[in-house]
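One structure is given below, encoded as structure tokens.
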Amino acid sequence: MTASEPVLTARGVSIEYEVDPPVKAVRDVSLTLHRGEILGLAGESGCGKTTLAYGLNRLLKAPALMTGGEIVFHDRDGDDIDIVGLEDEGLRAFRWDKISMVFQGAMNSLNPVISVKAQIFDVFDTHRPGMSRRAKTERAEELLRLVGVDPSRLTSFPHELSGGMRQRVMIAMALALDPQVMIMDEPTTALDVVVQRGIIREIMRLREKLGFAVIFITHDLPMLLEISDRIAVMLQGEIVEQGTAEEIYRTPQHEYTRKLLSSFPSLRGERGGFVRSGDAAHAGAAAASVKEDVR
């Protein structure tokens, strides 16, 4: 589901870590996210993917500093919001309401001594202070059902949940305020391949049902080939190639993209072999057939 209407536009974004010597983590990055689409952001560890994601959502902390560029959110009501210019209260109201984020290592992001219900309620208490307890409970139950978790798990503590269930709870929390954009930073890291497939299937089903756009960050390019509408490839802080998933797969233009495509072990070849670029998509076993599953 790809629409031409943009929901998030970044132009010339540069981010630097003010250490000695300074590190230019993101260099003059521009991208556009359209309503309802999945934009995959691929690249090796350390290329700047997560730093860019934090910058887009104004979550950077010292010593990271955005040194240039603009980020504009195009609200569904027609307003354009200058994210870089938001101050304290405006920024607090914006986050989670307009753009939410599932963080890298999200399985361990839940507070271990607080129940799932209390942690979801905390989102409502912060952003919807007038919400009744009954309404919060009903919405929390609805959110767990959306992500495939039994509502009885609201009273559970994180250690009582499997890794996949904890990840689903984090996704439920990110959906709590019906955001228009969800940024997902390596959401399937540390999960086994079967659980990965289930999580990805849920993300795509929810995207189809609710219509939010996704920036999906991972080093796993074959996975992105299966689930993304468009893909941006990052190298050393820069986006070196952008295109539809089909274009990236069939006719990669940059040498780094071609190397990424050829760097994944083949599931069909001899042991120890690597895929040719033409076989790259077969390495994304966790995501294979997911698009068919959500139809």
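The values are calculated or read from the model by the stated rules, or taken from the named source; none is laboratory data. If you're wondering where the values come from, they're calculated on a predicted model, not measured in any experiment. Here the Cβ positions follow ideal geometry from the backbone for every residue, glycine too, while neighbour counts run over all protein chains shown.
Checked against the criterion of being touching an Asp or Glu at 6+ places or on another chain (Cβ under 9 Å) and more than 27 Å from Gly90 (Cβ to Cβ), the candidates Arg133, Arg168 yield just one match: Arg168.
Among residues that are among the β-branched types (Val, Ile, Thr) and surrounded by fewer than 20 Cβ atoms within 10 Å (Cβ to Cβ), Val193 is included.
Report whether or not Arg11 is in a strand (DSSP E or B), basic (Lys, Arg), surrounded by fewer than 15 Cβ atoms within 10 Å (Cβ to Cβ) and in contact (Cβ under 8 Å) with a residue 24 or more places away in the chain. Spelling it out, Arg11 is indeed in a strand (DSSP E or B), basic (Lys, Arg), surrounded by fewer than 15 Cβ atoms within 10 Å (Cβ to Cβ) and in contact (Cβ under 8 Å) with a residue 24 or more places away in the chain. Identification of strands (runs of 3 or more DSSP E) wholly contained in region 22-119 with 1 or more residues that are modelled with pLDDT of 95 or more, at positive phi and not charged (D, E, K, R) yields 64-74. On the basis of being out of contact with any helix residue (DSSP H, G or I) (no Cβ under 8 Å at 6 or more places or on another chain), at pLDDT below 55 and over 26 Å from Tyr54 (Cβ atoms), does Glu292 make the cut? Spelling it out, Glu292 is indeed out of contact with any helix residue (DSSP H, G or I) (no Cβ under 8 Å at 6 or more places or on another chain), at pLDDT below 55 and over 26 Å from Tyr54 (Cβ atoms). Once region 226-251 is narrowed to residues that are assigned to a loop (DSSP other than H, G, I, E, B) and touching a Cys at 6+ places or on another chain (Cβ under 9 Å), the residue that is nearest to Lys24 (Cα to Cα) is Gly237. Taking every residue in region 250-265 that is assigned by TED's automatic domain parsing to the domain that holds Arg230 and among the charged types (D, E, K, R) and pairing it with any residue that is modelled with pLDDT under 90 and in a helix (DSSP H, G or I), at least 6 positions away or on another chain, the pairs with Cβ-Cβ distances below 7 Å are Arg258/Ser277. Residue-level analysis places Glu89 among those that are acidic (Asp, Glu) and closer than 21 Å to Gln180 by Cβ. When each of Val123, Val26, Val102, Val19 is tested for being surrounded by 15 or more Cβ atoms within 10 Å (Cβ to Cβ) and farther than 22 Å from Leu154 by Cβ, the lone residue that passes is Val26.
Among residues of region 175-202 that are modelled with pLDDT of 85 or more and part of a loop (DSSP other than H, G, I, E, B), those with a Cβ under 6 angstrom from a residue that is of a type in the set (Asp, Glu) and surrounded by fewer than 19 Cβ atoms within 10 Å (Cβ to Cβ), sequence gap 6+ or separate chain, pair up as Leu177/Asp97.
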